[in-house]
2 protein chains.
Amino acid sequence: MILVNGECKQHIEISDRGFQYGDGLFETIEVRNGQPVFLDRHLKRLNTGCRRLHIPCPDSEVITAEALDLCKDSSLAVLKLIVTRGSGGRGYRQPDLIQPTRVLSLHPYPDYPSSFVEQGIIARFCTTRLGLNPSLAGIKHMNRLEQILARAEWNDPAIQEGIMMDVNDHIIEGTMTNLFYVKNGSVYTASLSQSGIAGIMRSIIIEILSSNHIKTVEKPFKKNEFLSADEIFVSNSIIGLWPINQIENKHFSIGPLTRQIQFCLDRLKSGAEASLP
Amino acid sequence: MILVNGECKQHIEISDRGFQYGDGLFETIEVRNGQPVFLDRHLKRLNTGCRRLHIPCPDSEVITAEALDLCKDSSLAVLKLIVTRGSGGRGYRQPDLIQPTRVLSLHPYPDYPSSFVEQGIIARFCTTRLGLNPSLAGIKHMNRLEQILARAEWNDPAIQEGIMMDVNDHIIEGTMTNLFYVKNGSVYTASLSQSGIAGIMRSIIIEILSSNHIKTVEKPFKKNEFLSADEIFVSNSIIGLWPINQIENKHFSIGPLTRQIQFCLDRLKSGAEASLP
């Protein structure tokens, strides 16, 4: 089922700038037991993105009511929320009166085996690079050709994620995940001031670490440093956290910090306080 | 009127990846006396773009027939042609079987006064930068948030175009045009290997110059060099060529080479051979 501005629809106007130019933002939200998980955080990021793109953000209460209605009968699913600049004439110039379009759609939860969480996944490096663009970095906008080209680089079902670098060879993120690595007890992740998406699960993991007095260092890093890590894991709102056990020919063990964060995430989702065991 | 895969429609499926991710390409084509101008060149660029994005390009003959049918009663209009990767599931991974969507739509020709061609326009520098991305540079894809943010920077109707730089301060293009400048009889334009769109009118101007033994130098250049030019002009398929007579507080005269290229363009459009007068 899909709701477009509150009405059940399968289609969108061709003049919608989301279709014409990718002129909008989206959120991908886990649904469990009829509830969109971390919805408040997703709505906050959506608001930030709308401010960055000068799109008037639809009312959070309206979105929440529609989301709850759409999800109420789903025990496990994915809710996708799109907000575009709405319809407008031909040309890049935005209309004088912006009437945003909001689209909420429910999708099946992907059938990832539990081994991805428990034993980790295999990743590869992508040749497609992320462009540098401070005006778009961090937000989850609808211009996603880089990720599509990167994801089209492999078909091997044994490989679950592709790691993307920017044009300066800095490792930024996976095609659909954020990346963390652990080295000598410290945790590192890419800074996202020039490219990449600031994931909701990424921020939750940083908060879990912080509340346990572990600072996550956001910094630029390259392949050699990354491959010398003790533990590596990826995250997003749907998968939670997957350890990486192999990148190309290099193997990684699933370390204690990875396991502790997974434990905290599970507790956080079930409403308990998130402190490391 | 809009044709979606040959059928009259106003809407597109929400699952279309053009809407979900800007996963597609477009062409903006002048229509004169019922004919799409330089259609063969637009279809060639569309084919190149499809190859770059791994989208099977719809048959040129089918597009041509639909375009001619759509345009047949228009003395002056704009034809927009969109090709997307078609519908697909949630997620960046492209479907195993790609069934592209083609959309042809007819739009009013913008009411630009003739003074823009004759006396030139005023331009400004945009603060929004173009990201660097060799995998997407040159093609006219549907990820256009950079241009939208740049075009949203000004509302002054006296300013007709915004000049965009990349993150390294190299001047690349206008928000909707390519840029050329003339200095000491030589013609320069930005190289588009890292960002920007390789416009059809840009290539025609380069060919006109070449057939008159004037080489257009494609190279990186910055603001100071650009502002020291003798002549500056912008181009696209709808406007043809507009001289720039002012950028911020600096004035430019409309030089002889600009006028000669305009003359050749007019002759080319009316079917005559393009050699400088």
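In the list A:Phe263, A:Phe233, A:Phe226, which residue meets the criterion of being of a type in the set (Phe, Trp, Tyr) and out of contact with any strand residue (DSSP E or B) (no Cβ under 8 Å at 6 or more places or on another chain)? I'd like the intermediate steps shown before the answer.
Values: A:Phe233 fails: out of contact with any strand residue (DSSP E or B) (no Cβ under 8 Å at 6 or more places or on another chain); A:Phe226 fails: out of contact with any strand residue (DSSP E or B) (no Cβ under 8 Å at 6 or more places or on another chain).
Being of a type in the set (Phe, Trp, Tyr) and out of contact with any strand residue (DSSP E or B) (no Cβ under 8 Å at 6 or more places or on another chain) holds for just one of A:Phe263, A:Phe233, A:Phe226, which is A:Phe263.
Scan A:Ile82, A:Ile163 and give me the residue that is farther than 30 Å from A:Pro256 by Cα and either surrounded by fewer than 16 Cβ atoms within 10 Å (Cβ to Cβ) or β-branched (Val, Ile, Thr) (or both).
Checking each option against the conditions leaves just A:Ile82.
One line per residue, one yes/no per condition, for (1) under 18 Å from the mean Cα position of the chain (by Cα); (2) outside the structural domain of B:Met201 (by TED's automatic domain parsing); (3) among the aliphatic types (A, V, I, L, M):
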residue	(1), (2), (3)
B:Asp96	no, yes, no
B:Leu104	yes, yes, yes
B:Phe125	no, no, no
B:Ile139	yes, no, yes
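Count, please, the residues in the stretch A:49-59 that happen to be farther than 12 Å from A:Pro100 by Cβ and either surrounded by 15 or more Cβ atoms within 10 Å (Cβ to Cβ) or modelled with pLDDT under 95 (or both).
So the count comes out to 1.
With within 11 Å of another protein chain (Cβ to nearest Cβ) and either crowded, with 22+ Cβ neighbours inside 10 Å or of a type in the set (A, V, I, L, M) (or both) as the only criterion, which of B:Leu68, B:Leu43, B:Leu104, B:Leu76 stands out?
None of the others qualify; the one that does is B:Leu104.
Restrict the check to the stretch B:121-134 and report whether at least one residue is free of Cβ contacts under 8 Å to residues at least 60 places away in the same chain, surrounded by fewer than 19 Cβ atoms within 10 Å (Cβ to Cβ) and more than 9 Å from chain A (Cβ to nearest Cβ).
So far as the stretch B:121-134 goes, no, none of its residues is free of Cβ contacts under 8 Å to residues at least 60 places away in the same chain, surrounded by fewer than 19 Cβ atoms within 10 Å (Cβ to Cβ) and more than 9 Å from chain A (Cβ to nearest Cβ).
Among the basic types (Lys, Arg), within 14 Å of the chain's Cα centre (by Cα) and more than 8 Å from chain B (Cβ to nearest Cβ) - does that describe any residue in the stretch A:142-162?
Filtering the stretch A:142-162 for residues among the basic types (Lys, Arg) gives A:144, A:151.
Add one more test, that the residue is within 14 Å of the chain's Cα centre (by Cα), and what stays is A:144.
Then drop every residue that is not more than 8 Å from chain B (Cβ to nearest Cβ), which leaves none.
Scanning the stretch A:142-162, I find no residue that is among the basic types (Lys, Arg), within 14 Å of the chain's Cα centre (by Cα) and more than 8 Å from chain B (Cβ to nearest Cβ), so the answer is no.
Does B:Pro220 fit the bill of being touching a His at 6+ places or on another chain (Cβ under 7 Å), of a type outside the set (S, T, N, Q) and not in a helix (DSSP H, G or I)? Before you say what the answer is, go through the steps one by one.
Details: touching a His at 6+ places or on another chain (Cβ under 7 Å): yes; of a type outside the set (S, T, N, Q): yes; not in a helix (DSSP H, G or I): yes.
Considered against the rule, which asks whether it is touching a His at 6+ places or on another chain (Cβ under 7 Å), of a type outside the set (S, T, N, Q) and not in a helix (DSSP H, G or I), B:Pro220 comes out as yes.
Which of the residues spanning the stretch A:221-252 are at pLDDT 95 or above and surrounded by fewer than 16 Cβ atoms within 10 Å (Cβ to Cβ)?
Initially, the stretch A:221-252 is screened for residues at pLDDT 95 or above, giving A:221-247, A:250-252.
Matches in the stretch A:221-252: A:Lys222, A:Lys223, A:Asn224, A:Glu225, A:Leu227, A:Ser228, A:Lys250, A:His251.
Given B:Val167, B:Val182, which one is more than 28 Å from A:Phe26 (Cβ to Cβ) and either out of contact with any strand residue (DSSP E or B) (no Cβ under 7 Å at 6 or more places or on another chain) or assigned by TED's automatic domain parsing to the domain that holds B:Leu241 (or both)?
B:Val182
Could you tell me whether the stretch A:110-121 includes any residue that is assigned to a loop (DSSP other than H, G, I, E, B) and over 18 Å from A:Leu241 (Cα atoms)?
no
The values are calculated or read from the model by the stated rules, or taken from the named source; none is laboratory data. These numbers come from a predicted model, not from an experiment. Note that each Cβ is placed from the backbone with ideal geometry, even for glycine, and that neighbours are counted across all protein chains shown.
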